[in-house]
Every structure is written in C-alpha cells, then in structure tokens.
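Some notes on the structure that comes next.
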Amino acid sequence: MSSENQQPPKHRFETLALHAGQSPDSATNARAVPIYQTSSFVFNDAEHGANLFALKELGNIYSRLGNPTNDVFEQRMAALEGGVGALATSSGQAAQFVVAATLCEAGSNIVSTAYLYGGTYNQFKVAFPRLGIDVKFASGDSVEEIDSLINDKTRAVYIESI
C-alpha cells in the first residue's frame, strides 16, 4: 500500500489531551505550550497587516481576538470533542451568551428547565429578555414538558447537569 493512501495515525484521547493543537517549539524544542503574555503583535509589512484584518490570511492581530496560547487550547478542545473548531471564552456565561447571540435574534426563544445554576437562571430570566430573546422555562425536566414549549421561534433547548 502506498504511503499516499495512508491516513494519519489516530491518537488516543490521553495523547490528544496533552498534545493536540501544538508542536514542539522549533527554536527551543520545548514541549509545553508557551504562554504569550502580549496584547499585540507586529506585522511583517503593511500588506501582511492588511491581509490579516481582511481575513485573507490567518495570524495574530490583537490578543482579545486570539493569541497562540488560546489557539492551542481551542484546537485541543476541538480534537478532544471530535469537532472542526472551538472557541475559548472567559467564562461559562460568556460562552452561553456567544451561543445565544449566534443562534437567536429578537423574537426568538430558548427553552430550558428551571433547574439551573443561579447565574445561568439570571442571565436567561433578566439579560436575554432585554435583548428580545425569550426563555421559556419548564417547571421540571421531563422531556414531554420541554417538548410542549418548543415552537417555530425556538432556536435552542438548554439543559444543565449540576
């Protein structure tokens, strides 16, 4: 069998957890992911900067948009979950907001059980309605009750395990 037809080896979960998304540093051969403590990055030239801002090529612009340390973490999470990509956020509530803002718009809704962490409940009960996103709470966690709240405006069903 020719090497052209061979698939790359599948790594076990444990190996992915330690190494996915990162190669040893070519300058030092360091195995650990470095922590880049910078807020900004330089551009090779004006064209390089313009291409990065136009999203014509991948690279680092500003650490609030991404940095090499977060990139390794995101690639590692995607590999562990079998996904094509991941997005790191600063908190669980930030992650919930990113998902809701992506899936919903004013007039749409999310269906959830009321059995939630307090911060999640407040975000759903207070913050999302301010944006025009209604959250319908089932009084319990039965599939039938949750199903009865779903309509054509429902964009997500949210359940937490505590």
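A few notes on this one:
- Taking the stretch 142-162 as the range and being within 20 Å of residue 120 (Cα to Cα), in a loop (DSSP other than H, G, I, E, B) and open to solvent by 80 Å² or more (accessible area, probe 1.4 Å) as the test, the residues that pass are 159, 161, 162.
- For the stretch 79-94, a residue qualifies if it is free of Cβ contacts under 8 Å to residues at least 12 places away in the same chain and either small (Gly, Ala, Ser) or outside any helix (DSSP H, G or I) (or both), and the qualifying residues are 82, 83, 84, 85, 89, 90, 91, 94.
Results for (1) among the polar types (S, T, N, Q); (2) surrounded by 14 or more Cβ atoms within 10 Å (Cβ to Cβ); (3) on the phi > 0 side of the Ramachandran plot, shown as yes or no for each residue.
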site: 75; (1), (2), (3): yes, yes, no
site: 84; (1), (2), (3): no, no, no
site: 90; (1), (2), (3): yes, no, no
site: 102; (1), (2), (3): yes, no, no
site: 112; (1), (2), (3): yes, yes, no
site: 117; (1), (2), (3): no, no, no
site: 125; (1), (2), (3): no, yes, no
site: 129; (1), (2), (3): no, no, no
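- Only one of 124, 97, 41, 53 that is within 29 Å of residue 16 (Cα to Cα), at pLDDT 90 or above and among the aromatic types (Phe, Trp, Tyr): 97
- Residue ID - nearest to residue 73 (Cα to Cα), chosen from residues in the stretch 21-53 that are of a type in the set (Phe, Trp, Tyr) and either over 27 Å from the mean Cα position of the chain (by Cα) or open to solvent by 70 Å² or more (accessible area, probe 1.4 Å) (or both): 36
- So residue 121, is it assigned to a loop (DSSP other than H, G, I, E, B), of a type in the set (Ser, Thr, Tyr), more than 30 Å from residue 25 (Cα to Cα) and open to solvent by 40 Å² or more (accessible area, probe 1.4 Å): no
- Close pairs (8 angstrom Cβ cut-off, 6 or more residues apart or separate chains): without any contact (Cβ under 8 Å) to a residue 40 or more places away in the chain and farther than 9 Å from residue 63 by Cα in the stretch 34-48, aliphatic (A, V, I, L, M) and outside any strand (DSSP E or B) anywhere: 43/52
The values are calculated or read from the model by the stated rules, or taken from the named source; none is laboratory data. In this text, all values refer to a predicted model and were calculated from it rather than measured experimentally. Ideal geometry is used to build each Cβ from the backbone, glycine not excepted, and the neighbour counts take in all protein chains shown. SASA here: full protein model, heavy atoms, side chains in, ligands and nucleic acids out. Shrake-Rupley method; radii C 1.70, N 1.55, O 1.52, S 1.80 Å.
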